[in-house]
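Take a look at the structure set out below.
Any read-out appearing in this document is the output of simple, stated calculations on the displayed coordinates, not a laboratory observation. The model shown is predicted, which means the values in this text are computed figures rather than measured ones. Glycine gets a Cβ as well: all are built from the backbone with ideal geometry, and neighbour counts include every protein chain shown.
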Ligand SMILES: C[S@@+](CC[C@H](N)C(=O)[O-])C[C@H]1O[C@@H](n2cnc3c(N)ncnc32)[C@H](O)[C@@H]1O
């Protein structure tokens, strides 16, 4: 029997200076370097294998903390002392380059770039956190050529989902644009260039960027089309921002390739194991999103099967309400939901397109019934001050006593003992028409 040879797509065998970058990634970087003429910034040069290429083409600035880890020591013994600095090994490897290399020994987030230098090429291998790239790009925002290239590793694939999510958000906001390349599918480097909103980067709020940025209008990767959007959706779900994940899914363009991209990345994030209930609901939403060719079922009732009810929910909850992260979809599947629905069944047909008030202790199940049955607006007038207020287009939660409550078509009033102090307070609300009130048991 002869030997079976497997192609190692990321192999980097036979390089003079050790490097982590595989041959395909390396070839991509070198091919983009050929299009560059200005100063280069390299974040994380390690032992300098790529720096040598850079510094033979243009002046280069590198940022690294040069800390040699135990695992690096096991894989590459003798380069530096474990836990010591590998800066001298790096410097030895870049001794004879044509252009100067300015070395900034620093953690990424403490790095200060030289003043009065405009960069036209940046290579970042390989970020793990979105905040690290954000810090570097903000520094570059005033010192980067409009037609420069930014190469970031770990953008495609599931190695660092937060990084893919961050780049996707920047693409959605037109801060950067994706340059087309002929890289093979296993290369996970994105080649970006400043977009029309590049100068607004520093004004963006990092905390909400990954949640609120729109889906990119153009493709976000060279193969599946929307893989970074899909990774961002899954990443948001993995950090329990299900509402944002669902809102983004609703805005994902329809492509047959989406399903294979979901399949590829979903397992790695362990959503099914860590958050099985929401994961199952999300699977149905994914299916409904792909099912866009089917005529939307208009809500007439609350749906008899789980799939049917989820379809009604998918159709009736707008993006801003999902983004509020105040809805718990599982509340639409509780025993109490069914019981309450039976109790008020005679009234649900008249909910459609009406302005509804729900008065009493916070009642998420009743909110769901009204949403699914097509209420125009739902205002929960809350007794419980510990429930947070909410202002979304179709659902508001306000505390009792607000005098700017709108006029309602129907008010659902929970049956509470009439002598409670709060109940008599609500009766004074000018906008509640008693003749349209429906009393129900909580
Ligand atoms: C994946 S290696 C780069 C490999 C190199 N491009 C190659 O192919 O040989 C990442 C580099 O980033 C550096 N690095 C990682 N985190 C850093 C941080 N927070 N601050 C500064 N440097 C960091 C590491 O020391 C390492 O040199």
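Each peptide in 47-55, 22-30 was scored by the mean count of other Cβ atoms within 10 Å over its residues; highest first, the order is 47-55, 22-30.
For region 225-293, averaging the sequence separation of C-alpha pairs within contact (under 8 Å, six or more residues apart) and dividing by the residue count gives a relative contact order of 36 percent. Computed over the alpha carbons of region 166-323, Rg followed by Dmax gives 16.5, 51 Å. Average projection, convex hull of the Cα set of region 80-198: 9.1 square nanometres. Alpha-carbon geometry of region 234-371: the Rg and the Dmax are 15.8, 47 Å, given in that order. Highest mean packing first, where packing is the average number of other Cβ atoms within 10 Å per residue, the peptides 58-71, 233-246, 384-397 line up as 233-246, 58-71, 384-397.
Over region 126-263, Cα pairs under 8 Å with separation of 6+ residues give a relative contact order of 25 percent. The packing ranking, built from the mean of other Cβ atoms within 10 Å per residue, places the peptides 167-180, 136-149 in the order 167-180, 136-149, highest first.
Angle between the Cα long axis of helix 161-172 and the longest principal axis of the chain, 0 to 90 degrees, nearest 10? The angle comes out near 80 degrees. Give the angle, between 0 and 90 degrees and rounded to the nearest 10, that separates the Cα long axis of helix 257-269 from the longest principal axis of the Cα atoms of the chain. Taking Cα atoms only, the helix is inclined about 80 degrees. By the Stokes-Einstein formula, at 0.692 mPa s and 37 °C, region 23-222 with its Kirkwood radius over alpha-carbon pairs has D equal to 189 µm²/s. Counting 0.36 nm for each residue step from residue 17 to residue 263 and taking away their Cα separation leaves a gain of 84.8 nm. Here the gap between residue 414 and residue 67, fully extended at 0.36 nm per residue and compared with their Cα-Cα distance, gives a gain of 118.5 nm.
The translational diffusion coefficient of the chain, from Stokes-Einstein at 20 °C and 1.002 mPa s with a Kirkwood hydrodynamic radius over alpha carbon pairs, comes to 85 µm²/s. Overall size of region 304-351 from C-alpha positions, given as principal axis extents largest first: 31, 23, 19 Å. Below 8 Å, C-alpha to C-alpha, sequence gap of six or more: please give me the relative contact order for region 96-177 in percent. Once normalised by length, the contact order is 29 percent.
Its convex hull of Cα atoms gives region 225-293 a direction-averaged projected area, equal to a quarter of the hull surface, of 4.0 nm². Over all Cα pairs of region 18-105, how is the pair count split among 5 Å bins, expressed in % and running from 0 up to the last occupied bin? It works out to 3, 14, 25, 23, 18, 11, 4, 1, in whole percents.
The angle separating the long axis of helix 306-316 from the principal Cα axis of greatest extent in the chain is about 80 degrees. Based on DSSP H segments of at least four residues, each scored -39500 (n - 2.57), the chain has a per-residue ellipticity at 222 nm of -10000 deg cm²/dmol. Temperature 4 °C, viscosity 1.567 mPa s: under these conditions the Stokes-Einstein estimate for region 118-166, based on its Kirkwood radius over C-alpha pairs, is 116 µm² per second.
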